[in-house]
Amino acid sequence: MEFGEIVSVLLQGAVVTIQIVAMALPLAVLMAFSFGLIRLYAPTPFKQIAIVYIEFFRGTSALIQLYWIYFVLPFFGITIDAMTAAVVALGLNIGAYGTEVVRGAIQSVPKGQYEASIALNFTSSQRLWRIIMPQALVNMIPPFGNLAIELVKATSLVSLITIGDLTFKAKMLADTTLQVGEIFGVVLLFYFVMAQFLVFFIRRLETHLSKGLGRGGLHS
Amino acid sequence: MSAPIIEFKNVKKCFGETVIFSDFNFKVEENEIVSIIGPSGSGKSTLLRILMTLEGIDGGYINVAGESLWHMPWQGQHVPANNKHLHKMRNHLGMVFQHFNLFPHMTVKRNITEAPMRVKGVSRAEAEEFAEKLLQLVGLADKADSYPNDLSGGQKQRVGIARALAMKPSILLLDEITSALDPELVDEVLDVIRNLVKEESFTMLLVTHEMYFAREISDRVCFFDKGAIVEEGEPEAIFTQPKEERTKAFLNAYIGQ
Amino acid sequence: MNGFHWDWAFTWEVFPMILTAAKVTLLATLLGSIFAIVMGLVFALLRRSNSRTLRISIYWVVEFIRSTPLLVQIFFLYYVMPEFGISMSPLATGVFALGLHYGAYLSEVFRSGIDGIEKGQWEAARALNLTIVDTYKDIVLPQAIRPMIPATGNYIIAMFKETPQLSAITLLEMLQMAKIIGSENFRYLEPFTLVGILYLVFSLLAAYGIHQVERRFPKEGFSLK
């Protein structure tokens, strides 16, 4: 097989990989914020639900979660296609790690900021959204960036439930053409480029956001 | 004389096993300026933080402007205050912090206008006009659009004062407002307070280590040690003829420096 | 289909098989950790080398390994190594891949651990005319180990949770066993759930274990002799 053909097949796979990232990432962020905030502020029963979710998804392995959702849910009468299973499993998995990012970033805002906002009589929701969250967001960017890279890497697992992503195409090509060195070399490079693109984007975002914090420092 | 604006009755406060106040009583009259001095860990800052509702109490009552701070009437009984009550009570109080605690993601102007606009519903135009006035008062009219991190410590603290004043509190709490500053920046901040009390009358409660300032500005000085007022009186009396041994020892240590 | 109920008889039937496979999972994790720690140290020390070229190359090698999927690395080793005449068993391939991948992560932990040693300690070692090997062995590492324990432990737990990927190259670890049981009996509920629970139990135990190790570790460090 021509090298050009190999690359074009792999590109098709890369598109699928990017699609999965594009769908799972918003889900992960949504889970991270909602359960991160529940974990911090909600009444105890809700907190416990959040803890179960977080511990379960962090304590078991992403591939098992994916298999469970894809192979076991049909036994409960819930049949979902591979793509949905992939997005749900990866979104929930990365989201569970994200809750800790949200929680940690909020808790790392200096205590004095809470105290000043109480002294100025802000309500608790104003305190969170106007004072604490804008500062916490800046702290969240780098760890969320790392999680986004983890997500890109984790998408390779979906090849094991027959989704035609980058890894799947690579394995398929490797099995048929035997040009394994080139194929896996190119695939690794593809993933690397995607990760570097994310790194670049995250740095830009971080610089942009921290400008609003008066030259990046957090302590005033 | 009318009823005191602040009154602590048999207040108890612990941090875990550590007892800060076991049976604390204290009064401040309206428009009185009271300085609290004493060794660290004596409960001085806790007193202010309890008033600002940053710390709860474990017993007793506190009245502020004729109402109970940490309790409210409910079905004929006194019950622990809910958020709504605390929200109402906080309108009487303003606080300036040792470490400034300015909001780093807001300009100086927004630091000052945010609370009046969001909490009191003052219009932007009105809030900004008042902010300008306050910035002039603290000598930082040209810094309205700077961010806190671009200011010196002394400038930050002057913004901190303006921010507290923007809410027009009737009681101002100053918690070691110069302790985090380099010595050469202390006076620019204290001058703001000096001017402030010249122009308007405030009830002011300050915890400070600046003895000369306490002596100059206060109507009354309280010497605190181990969660109790050991000695209190007019500044001249406390500083020139302290009666208690502990006060003498403390003041000597300061003068000795 | 088999419907919505949990079959206890089936569970007890497959449980011993999954436990047998758990030994493979744990063995892969153990060998992978040892290899990862060695690789991590090698990377970390090379990043402190005097040659700028070497430092920069190692930086990009580590960055490359960290930002590409473990599964693809496993495939790469499994398919490409034989091209160079190196055939390894699935277990050896897995250990190699896990060790390399997590070695890259651990190198960052070790690097910051070593960087965390005060400058004065290096200067003192130089003043005492210690060799570079003795400096690391007697001065730096004994002090650096304790702060590295939590992060190292977390990466080992993370590695443990990635061992199911070795099923992709037919290693008969827990997940592969569950998959085989599932496809032979047309029942995935019990085997997959059992594997999930075992992972949860093992990683919670490991997290507790790491905490204990850290707590008991002498604060002042210890002698490597």
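The values are calculated or read from the model by the stated rules, or taken from the named source; none is laboratory data. Predicted, not measured: the structure shown is a model, and the values here were computed from it. Every residue, glycine as well, gets a Cβ built from its backbone with ideal geometry; the counts of neighbours run over all protein chains shown. What goes into the accessible areas is simple: the full protein's heavy atoms, side chains included, and nothing from ligands, DNA or RNA. Shrake-Rupley method; radii C 1.70, N 1.55, O 1.52, S 1.80 Å.
Computed quantities for the displayed model
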| read-out | value |
| --- | --- |
| Selection status of C:I156, at pLDDT below 90, of a type in the set (A, V, I, L, M) and either crowded, with 17+ Cβ neighbours inside 10 Å or farther than 24 Å from C:R216 by Cβ (or both) | no |
| Search result, residues across the stretch A:159-177 that are hydroxyl-bearing (S, T, Y) and open to solvent by 10 Å² or more (accessible area, probe 1.4 Å) | A:S159, A:T162, A:T176, A:T177 |
| Those residues of the stretch C:62-82 which are among the polar types (S, T, N, Q), closer than 10 Å to C:H101 by Cβ and either within 7 Å of another protein chain (Cβ to nearest Cβ) or open to solvent by less than 10 Å² (accessible area, probe 1.4 Å) (or both), in sequence order | C:T68 |
| Any helices (runs of 4 or more DSSP H) falling wholly within the stretch B:63-182 and containing at least 3 residues that are of a type in the set (A, V, I, L, M) and in contact (Cβ under 8 Å) with a residue 12 or more places away in the chain | B:108-120, B:124-137, B:153-165 |
| Selection status of A:L63, in contact with a Pro (Cβ under 9 Å, 6 or more places away or on another chain), open to solvent by less than 60 Å² (accessible area, probe 1.4 Å) and in a helix (DSSP H, G or I) | yes |
| Only one of B:S35, B:S42 that is assigned to a strand (DSSP E or B), among the polar types (S, T, N, Q) and open to solvent by less than 70 Å² (accessible area, probe 1.4 Å) | B:S35 |
| Meets criteria (open to solvent by 60 Å² or more (accessible area, probe 1.4 Å) and either farther than 30 Å from C:S183 by Cα or in contact with a Gly (Cβ under 8 Å, 6 or more places away or on another chain) (or both)) for A:T79 | no |
| Looking only at the stretch B:3-28, and only at residues there that are part of a loop (DSSP other than H, G, I, E, B) and touching a residue at least 40 places away in the same chain (Cβ under 8 Å), the one that is nearest to the other protein chains (Cβ to nearest Cβ) | B:I5 |
| Cβ pairs under 6 Å, 6+ apart, first in the stretch A:17-29 and in contact (Cβ under 8 Å) with a residue 60 or more places away in the chain, second outside any helix (DSSP H, G or I) and crowded, with 16+ Cβ neighbours inside 10 Å | A:T17/A:D165 |
| Residue within the stretch C:107-128 that is within 12 Å of chain A (Cβ to nearest Cβ), under 16 Å from the mean Cα position of the chain (by Cα) and open to solvent by less than 60 Å² (accessible area, probe 1.4 Å) present | yes |
| Qualifying residue in the stretch A:77-94 (condition: part of a helix (DSSP H, G or I) and under 30 Å from B:L173 (Cα atoms)) | no |
| Residue that is surrounded by the fewest Cβ atoms within 10 Å (Cβ to Cβ) [pool: residues in the stretch A:122-157 that are within 10 Å of chain C (Cβ to nearest Cβ) and of a type in the set (V, I, T)] | A:I149 |
| Residue count, the stretch A:53-75 (criterion: within 7 Å of chain C (Cβ to nearest Cβ), among the hydroxyl-bearing types (S, T, Y) and closer than 17 Å to A:G95 by Cβ) | 2 |
| Those residues of the stretch C:160-209 which are more than 7 Å from chain A (Cβ to nearest Cβ), within 21 Å of A:G77 (Cα to Cα) and of a type in the set (G, A, S), in sequence order | C:A178, C:S183 |
| Single residue of the stretch B:16-32 satisfying the filter (closer than 22 Å to B:L172 by Cβ and touching a Ser or Thr at 6+ places or on another chain (Cβ under 7 Å)) that is least open to solvent (accessible area, probe 1.4 Å) | B:V28 |
| Search result, residues across the stretch A:115-127 that are assigned to a helix (DSSP H, G or I), farther than 15 Å from B:R163 by Cα and of a type outside the set (D, E, K, R) | A:S124, A:S125, A:Q126 |
| The stretch C:180-202: number of residues that are surrounded by fewer than 20 Cβ atoms within 10 Å (Cβ to Cβ), over 15 Å from C:E13 (Cα atoms) and in contact (Cβ under 8 Å) with a residue 12 or more places away in the chain | 0 |
| Checking B:K13 against (1) over 20 Å from B:H92 (Cα atoms); (2) among the charged types (D, E, K, R); (3) open to solvent by 20 Å² or more (accessible area, probe 1.4 Å), the condition it does not meet | (3) |
| Top-ranked residue of the stretch B:53-62 - restricted to ones that are in a loop (DSSP other than H, G, I, E, B) and aliphatic (A, V, I, L, M), ranked as farthest from the other protein chains (Cβ to nearest Cβ) | B:I57 |
| Breaking point among (1) among the acidic types (D, E); (2) within 11 Å of another protein chain (Cβ to nearest Cβ); (3) open to solvent by 40 Å² or more (accessible area, probe 1.4 Å), for A:E115 | (3) |
| Residues satisfying the stated conditions in the stretch C:49-60, i.e. touching a helix residue (DSSP H, G or I) at 6+ places or on another chain (Cβ under 8 Å) and surrounded by fewer than 16 Cβ atoms within 10 Å (Cβ to Cβ) | C:S49, C:L54, C:R55 |
